[in-house]
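What follows is one structure encoded as structure tokens, with my remarks underneath.
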Amino acid sequence: MTSATVATKPAAAQSGQSQAKPEKIRKDHSINWWLTAAVAVLSLTVLVPLYFAVVTALKTPGEAGTFSLPTTWEWHNFADAWNKVNYPKAALNSAIITVCAVVLTLLTNTFVAYAVARNMDKRFFRFLYYFFLAMMFVPFTVVMLPIAKEMGTLHLDNQLGLIILYTILGIGTNLFIAIGFIRSIPISLEEAARIDGASTWRIFWTIIFPLMGPINATIAILTALWAWNDFLLPLITLTDQSNQTIPLAQYVFQSQFTSNYPMAFASYLMAMAPVLIVYVFAQKWVVGGVMRGAVK
């Protein structure tokens, strides 16, 4: 009896400990309801306008302006907006500008970031770093008219000029993201390559650039979002109406059909769809790249 009693006590103690562990885990992983409620309330600032845009795009002009569901679902608003805006042509122009801007940005901005990151001990490159960072704090409205005048003088008031502007004006943000990550790459990798006879150009494209995969993805996504959704830069740069992007086409559309809000909102949703799909599948690259770029 005594031995059985003694034997059952450790078993009971073990069972008690096993029962206590889940309770401790639940306590450690308890939900912060205040933070959850705050996030839910803040998410309404995005969900409510999105809901309003969707329901408005499916209403008649007489029903527009309310949050209620449409009495009849006017799906033809999307077809009408497609034709009025000439969506295929505008989308093609936006796609050409966006893709070319992303490619040129990756080919140039990353190499500049590498040169600056590996020469921060030199005064000239340190000046370049702070000079490019200062570009981030200059309001676009200050340089808007000089840029428009300069592009017209150089006969770059076309798609090529717009691509160059996206590459140059984004260099400050891209350097800020990329330099921190490049400086975290061991210099010993480059020294070993130099011993084998590799040049600086070959070291960058065969060693550094592949290692910058997450940063390159982040820069590409941010540049694509900017180029696809931008309105002011194409407005002051493009002079040929056949080269207008989707935001410009929607601007003309809105000025001509100010009373037909359902058709306007339908065009907004169609313009938002491609870039929204890209961001949904690539958001982890944006967050991961920015976090890696914060490494010193």
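Here are the numbers for this structure:
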{"read-out": "Residue within the range 156-165 that is of a type in the set (Asp, Glu) and not in a helix (DSSP H, G or I) present", "value": "yes"}
{"read-out": "Any chance ILE96 is part of a loop (DSSP other than H, G, I, E, B) and either open to solvent by less than 80 Å² (accessible area, probe 1.4 Å) or touching a Pro at 6+ places or on another chain (Cβ under 8 Å) (or both)", "value": "no"}
{"read-out": "Which numbered condition LYS89 misses (of (1) part of a helix (DSSP H, G or I); (2) charged (D, E, K, R); (3) within 28 Å of THR200 (Cβ to Cβ))", "value": "(3)"}
{"read-out": "Residue in the range 155-171 that is hydrophobic (A, V, I, L, M, F, W, C), crowded, with 18+ Cβ neighbours inside 10 Å and over 21 Å from ASN229 (Cβ atoms) present", "value": "no"}
{"read-out": "1 or more residues over 23 Å from VAL54 (Cβ atoms) and at pLDDT 85 or above: qualifying helices (runs of 4 or more DSSP H) within the range 182-296", "value": "187-195, 200-203, 213-229, 232-237, 246-256"}
{"read-out": "Enumeration of residues in the range 35-62 that are without any contact (Cβ under 8 Å) to a residue 40 or more places away in the chain and not in a helix (DSSP H, G or I)", "value": "GLY62"}
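The values are calculated or read from the model by the stated rules, or taken from the named source; none is laboratory data. The structure displayed is predicted, hence computed values, not measured ones. Quick reminder, even Gly has a Cβ in these numbers, built from the backbone with ideal geometry, and neighbours come from all protein chains shown. Ligands, DNA and RNA are stripped out before the accessible areas are found, and what is left, the full protein with its side chains, is counted by its heavy atoms. Shrake-Rupley method; radii C 1.70, N 1.55, O 1.52, S 1.80 Å.
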